[in-house]
Amino acid sequence: MTPCRVSPAAVWLRRSALAAALLAGPGLAQADTRPTSLAPVPAFLDETGTAGIAHRYDGPWEYFVGGGTAVFDCDGDRRPDIFLAGGENRASLYRNRSESGGPLTFELTTTGVPERQMTRVLGAYPLDFNNDDILDLAVLRLGENLLLAGQGDCRFEIANRALGFDGGREWTTSFSAVWETGETFPTLAFGNYVDRSAPGAPWGTCHDNFLFRPNGALAPRYPEAFRLSPGYCALSILFTDWNRSGEPALRMSNDRHYYRDGQEQLWAVPAGRPPRPYRASDGWRTVRIWGMGIASIDLNVDGFPEYALTSMGDTKLQMLDDEADETLPIYRDIAFDTGVTAHRPYTGDDLRPSTGWHADFQDLNNDSLWDLFIAKGNVEAMPDFAAFDPDNLLLGQWDGRFVEVGDSSGLAKDSRGRGAGLADFNLDGLLDVIVVNRSAPVSLFRNVGRGDANQTRPLGNWLAIDLRQPGQPNTRAVGAKVSVKIGNRTVTRDVLIGGGHASGQMGFLHFGLGVSERAEVRVRWPDGDWSHTYRVFANHHVIIERDAAEVRLWMAP
Amino acid sequence: MKHALFLTGIVLFASAAMADDAPPWSENILDRPLNFEKLASQDTAAMELLISHGERLFIGKFTTADGAGRPAATQAIVPTKRRRPSPLTFQRLAGLDANSCASCHHDPVAGAAGDFTTNVFVSEGFESADFETIDPQFSNERGTTALQGAGLIELLAREMTKELRDQRRDVAHLARSTGTAQTIDLSAKGISFGRLTAHPDGSLDVHEIEGIDPDLTLRPFSQKGVFTSLRQFTVNALNHHHGIQASERFGAVWTGTDDFDEDGLAAEITEGDVSALVVWQATLATPARKQIMPEIWARAAEKGEQQFGAIGCAQCHVPALPLDSLIFEDPGPYETAGTLRPGDVTDGIHMDLATLDWVKALDRDEQGRVLVPLFGDLKRHKIADAAQDRLGNELLSQRFVPRDEFLTAELWGVGSTAPYGHRGDLTTLDEVIRAHGGAATAARKAYETLPEIERESIIAFLRSLEIPQ
């Protein structure tokens, strides 16, 4: 993950079953044999230079990782705004000024947070930790982490003192949050990287991770951290209900470059009791990767999410194995079978392995099949890994596989991607893409569907859902599951905070509906109660408030 | 047809070779697929040929070589696989249930209605034909509707959709700009569609909207009023009734295969051929007043029309709605994915219906707008209640529409389209009038209290609204 004194790539290549394939044949030959997507390929316009965002994530070794973005509505107009980590540069907040269906346009705004605390930022995640229905931010830093309480109109106050929260001095690289059963306020988890002060650093000196459980009935307080030890340099963590028990566990994807005897981790987090890691005796199998990002979605709609794990070399895609049950988290890797290994650049002639960072499952062509986006980029100048390493867009196909279209869609850019966000910035029903690059301007891509610079042309039908629990804790229904029935098929997704690479987003949940003109939506709210069925028409933004008889439509400005 | 197309010097076929290969005695009708892009670039003369081609497709009986049959697909409008092949290619519940469009739409002329024997079943819940049932918990039965005048109906619906959506846009803007909730009465062409409240945050309260879906797309087709356009209806019906799967919905882009129904034939009907069917339906002349009838009938009809208005029938069965534009565009502006959209093509087909003789014969208002004499309001109403539930004899809502709500039947041609009611199980006009409940209760009671001679005059009037033969 960092400048190598030994070559982990060489070790990996010897061990990898894919080694022969990686070394065989020229890159162009690979391109020639790539499958073609039958699913429609969205076209992206690179609007980096025109959108009004002038921002770089940069800095020395500590900022080779991180580089996240938080995509959320900071001013109450329901349009997604953008917070960008800057590393040694200042973090930035941009208001979304995009016209509906028009070019992406943003405007730099001030946060109200002092300058010195807006530097050394690696990433950020939006959430409403104080239940005031104004989104807040958890800001990950090299040094004191910040909990920023949203004040509205994109202004924030540092709430660490008010919350009794010690932001620590660690090198924090990952975050997740969840409302545990019966709790008014969220439990916060911070994943840390290398303890640079430990003897022998950086090798084998991964810092413990921290879990903050709330106390205080009327206002959140986080006076004490529970140490999740051992830590293995977590670059992505995610509260996830892996066994549909209603009790989220904490998944951690760890960077093998620095840990010793470490592995990927899954922590049980039973309500009111100390967390504990799943072990081999629980069925947890050792997986060692350069874990950088987690993306989760229930591909086969069996109630058990699948997990994409980015890494150097091949991406993993884990599915519960036949031997697994609700108590045995036994996973098998289906990345090769489904075509998402994304182990080396899909275009160009650089045959060296890829380096994957942020990952997210979304439906970028609105065909009702999940697609996988992966931000890619060399750590800095690691010689055993691809220097030209474009981001991936793996389009889901009807046969269950994924097909790479990063180049044909216009996303293949020569930059070192890190964090990312996939959101409909101009509210036209097509998800756009923002990628934070290391030592380079942020990339911003507008999805124009089947169109071009002159005209956006639609893809499949879509639906955007904003979940709310007004007057209740957990206003944004974190932990809810949304089930969308189109014809006789159902697609589902969970409302989660965490995962990706140092990047989170909160806002409308986007669903592609394919050729369906209508959908039936049910919500399993975080406490497990199911809503009745909401009947909605395609190509609209809708707001579903808990216990509401009907959805409310929402009109973009 | 083929000869005529080439005489004009226009090559509209997707594959000229296919046309040449088809022998004159061919039983197939989809052997001369039209190319949509070439169609869209042609002038009015080509449209006449397109209409002729559409008639051939509407009347022709689809063969297995055309793609008839869908062993692996259900009748659902969203591509859905069957769990197992049906042992029967044809069966009346799950389909296939017809050989041609005109199998049902034929009485008294092609494109018109059909009697009880042409009823179809509306059910999308089953992935196995074995479980199809006429049990009203799972299936609704529908009579065949007449398509005469459908082009003008679709144009009215498009204009009304735009009008309503403009009102929605304006009230949302007003609520945002004033910072206070705003409520408006929705109406289009004088027809009320309830109320809409917009909030300053851009959210819309739609629960007071009436007679139309909350997305404010006026869907004027089917007895339930759930299909937006002739094109959408045609694509649905081709799959449901014939197993002919249009690429724009069942093709590889949306299903991963060009042979979704696994009958061995890929890309069964082109966008151009669907357009031909649409254009033919859209140019079917409107029904008209009976021209030749005995004096006694004419006098009774005149009296009956007055009574029809006086007792309240015309509140929903509005005699005419004004239409601003006679340009029929294919694809239409409010299609969604799965039916060809303007965004899917470089150019669409633009057809000026004003050039048609039967359109020229229609009355116009003082603003020069064509008055479409549909005797309808293109709005859904509750038509049954506990006291009179004859027209609410269903247990299953269809596409989100409650079981007791139906689109106001357009009566312009009702004299030619017996039997009546959405199930086609009412044999006379008097029976169907007496079956009205719900929002039509007052009008029905008024009818029932009329002297017999005046009721008869209303029947005489309705019987004078016919589909010319």
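Among the residues of the range B:203-220, count how many are crowded, with 24+ Cβ neighbours inside 10 Å and under 29 Å from B:Asp273 (Cβ atoms).
Within the range B:203-220, residues that are crowded, with 24+ Cβ neighbours inside 10 Å and under 29 Å from B:Asp273 (Cβ atoms) number 3.
Restricting attention to the range A:461-482, report how many residues are within 14 Å of chain B (Cβ to nearest Cβ) and either in contact with an Asp or Glu (Cβ under 7 Å, 6 or more places away or on another chain) or aliphatic (A, V, I, L, M) (or both).
7
Could you please find all residues in the range B:319-342 being touching a Pro at 6+ places or on another chain (Cβ under 8 Å) and either at pLDDT below 95 or of a type in the set (Asp, Glu) (or both)?
B:Glu329, B:Glu335
Residues in the range B:148-175 that are within 13 Å of another protein chain (Cβ to nearest Cβ), among the basic types (Lys, Arg) and in contact (Cβ under 8 Å) with a residue 40 or more places away in the chain: how many?
Final tally of qualifying residues: 2.
State which residue is nearest to the chain's Cα centre (by Cα) when the search covers only the range B:402-459 and only residues that are among the β-branched types (Val, Ile, Thr) and in a helix (DSSP H, G or I).
Result: B:Val414.
Hey, could you check the range A:431-460 for residues that are within 14 Å of chain B (Cβ to nearest Cβ) and part of a strand (DSSP E or B) and say which is surrounded by the most Cβ atoms within 10 Å (Cβ to Cβ)?
A:Asn447
Conditions first: (1) facing chain B (nearest Cβ under 10 Å); (2) closer than 28 Å to B:Thr80 by Cα. A:Ala556 passes all but one, so which condition is the exception?
(2)
Pull up the range A:322-354, narrow it to residues that are β-branched (Val, Ile, Thr) and touching a residue at least 60 places away in the same chain (Cβ under 8 Å), then point me to the one that is nearest to the other protein chains (Cβ to nearest Cβ).
A:Thr338
Do we have B:Pro333 as on the phi < 0 side of the Ramachandran plot, outside the structural domain of B:Thr449 (by TED's automatic domain parsing) and assigned to a loop (DSSP other than H, G, I, E, B) here?
Here the answer is yes, as B:Pro333 does meet what is asked.
Results for (1) away from chain B (no Cβ under 14 Å); (2) β-branched (Val, Ile, Thr); (3) closer than 30 Å to A:Gly291 by Cα, shown as yes or no for each residue.
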| position | (1), (2), (3) |
| --- | --- |
| A:Trp61 | yes, no, yes |
| A:Gly66 | yes, no, yes |
| A:Asp77 | no, no, no |
| A:Glu99 | no, no, no |
| A:Gly102 | yes, no, no |
| A:Gly112 | yes, no, no |
| A:Gln117 | yes, no, yes |
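Return the residue satisfying two criteria in turn: it lies in the range A:510-532 and is touching a residue at least 24 places away in the same chain (Cβ under 8 Å) and surrounded by fewer than 19 Cβ atoms within 10 Å (Cβ to Cβ), and of such residues it is farthest from the other protein chains (Cβ to nearest Cβ).
Checking each candidate, the answer is A:Gly528.
May I ask you to verify whether B:Leu93 is away from chain A (no Cβ under 14 Å), crowded, with 17+ Cβ neighbours inside 10 Å and not hydroxyl-bearing (Ser, Thr, Tyr)?
When the stated conditions are applied, B:Leu93 passes them.
Restricted to the range B:127-141, and to residues that are charged (D, E, K, R) and either assigned to a loop (DSSP other than H, G, I, E, B) or buried (at least 18 other Cβ atoms within 10 Å of the Cβ) (or both), which residue is modelled with the highest pLDDT?
B:Glu141
Pick from B:Asp357, B:Asp261, B:Asp347, B:Asp352: which is surrounded by fewer than 16 Cβ atoms within 10 Å (Cβ to Cβ) and within 21 Å of A:Pro40 (Cα to Cα)?
None of the other options fit; the residue is B:Asp347.
Report, by residue number, each residue of the range B:284-300 that is of a type outside the set (A, V, I, L, M, F, W, C) and surrounded by 10 or more Cβ atoms within 10 Å (Cβ to Cβ).
B:Thr286, B:Pro287, B:Arg289, B:Lys290, B:Arg299
Among (1) away from every other protein chain (no Cβ under 14 Å); (2) on the phi < 0 side of the Ramachandran plot; (3) more than 26 Å from the chain's Cα centre (by Cα), there is one condition A:Leu496 misses while meeting the rest; what is its number?
(3)
Answer yes or no: is there a residue in the range A:191-209 that is crowded, with 23+ Cβ neighbours inside 10 Å, small (Gly, Ala, Ser) and more than 18 Å from A:Pro526 (Cβ to Cβ).
yes
Going by the conditions given, is A:Trp398 within 14 Å of chain B (Cβ to nearest Cβ), within 23 Å of A:Asn300 (Cα to Cα) and not in a strand (DSSP E or B)?
Here the answer is yes, as A:Trp398 does meet what is asked.
Scan the range A:485-492 and tell me whether some residue there is in contact (Cβ under 8 Å) with a residue 12 or more places away in the chain, surrounded by 22 or more Cβ atoms within 10 Å (Cβ to Cβ) and assigned to a loop (DSSP other than H, G, I, E, B).
Within the range A:485-492, not a single residue is in contact (Cβ under 8 Å) with a residue 12 or more places away in the chain, surrounded by 22 or more Cβ atoms within 10 Å (Cβ to Cβ) and assigned to a loop (DSSP other than H, G, I, E, B).
Considering only strands (runs of 3 or more DSSP E) fully contained in the range A:281-389, which possess at least 3 residues that are crowded, with 18+ Cβ neighbours inside 10 Å?
Ranges flagged: A:293-297, A:306-310, A:316-320, A:356-362, A:371-376.
Within the range B:176-205, how many residues are over 25 Å from the mean Cα position of the chain (by Cα) and either assigned to a loop (DSSP other than H, G, I, E, B) or more than 9 Å from chain A (Cβ to nearest Cβ) (or both)?
16
Hey, among the residues in the range A:49-70 that are hydrophobic (A, V, I, L, M, F, W, C) and surrounded by fewer than 24 Cβ atoms within 10 Å (Cβ to Cβ), which one's nearest to A:Ser236 (Cα to Cα)?
A:Phe64
Pick out the one residue from B:Asp365, B:Asp389 that is modelled with pLDDT under 95 and either in contact with a Pro (Cβ under 7 Å, 6 or more places away or on another chain) or surrounded by fewer than 18 Cβ atoms within 10 Å (Cβ to Cβ) (or both).
Only one candidate qualifies: B:Asp389.
Only one residue in B:Asp263, B:Asp258, B:Asp213 is closer than 19 Å to B:Arg341 by Cβ and either more than 14 Å from chain A (Cβ to nearest Cβ) or more than 15 Å from the chain's Cα centre (by Cα) (or both). Which one?
B:Asp213
Could you grab me the full set of residues in the range A:184-214 that are out of contact with any Phe, Trp or Tyr (no Cβ under 6 Å at 6 or more places or on another chain) and closer than 15 Å to A:Glu224 by Cβ?
Result: A:Phe185, A:Thr187, A:Ala189, A:Asp208, A:Asn209, A:Arg213.
Within the range B:221-250, count every residue that is within 13 Å of chain A (Cβ to nearest Cβ), crowded, with 23+ Cβ neighbours inside 10 Å and under 19 Å from B:Arg82 (Cα atoms).
Number satisfying all stated conditions: 6.
Which ones in the range A:145-170 are assigned to a strand (DSSP E or B) and aliphatic (A, V, I, L, M)?
Scanning the range A:145-170 gives A:Leu146, A:Leu147, A:Leu148, A:Ala149, A:Ile158.
Among the numbered criteria (1) modelled with pLDDT under 95; (2) buried (at least 16 other Cβ atoms within 10 Å of the Cβ); (3) away from chain A (no Cβ under 14 Å); (4) in a loop (DSSP other than H, G, I, E, B), which single criterion is violated by B:Ala68?
Going through the list (1) modelled with pLDDT under 95; (2) buried (at least 16 other Cβ atoms within 10 Å of the Cβ); (3) away from chain A (no Cβ under 14 Å); (4) in a loop (DSSP other than H, G, I, E, B), B:Ala68 breaks only (1).
The values are calculated or read from the model by the stated rules, or taken from the named source; none is laboratory data. Just so you know, these numbers come straight off a predicted model, no measurement behind them. Neighbour counts are summed over all protein chains in view; Cβ atoms, including those assigned to glycine, are modelled from backbone coordinates with ideal geometry.
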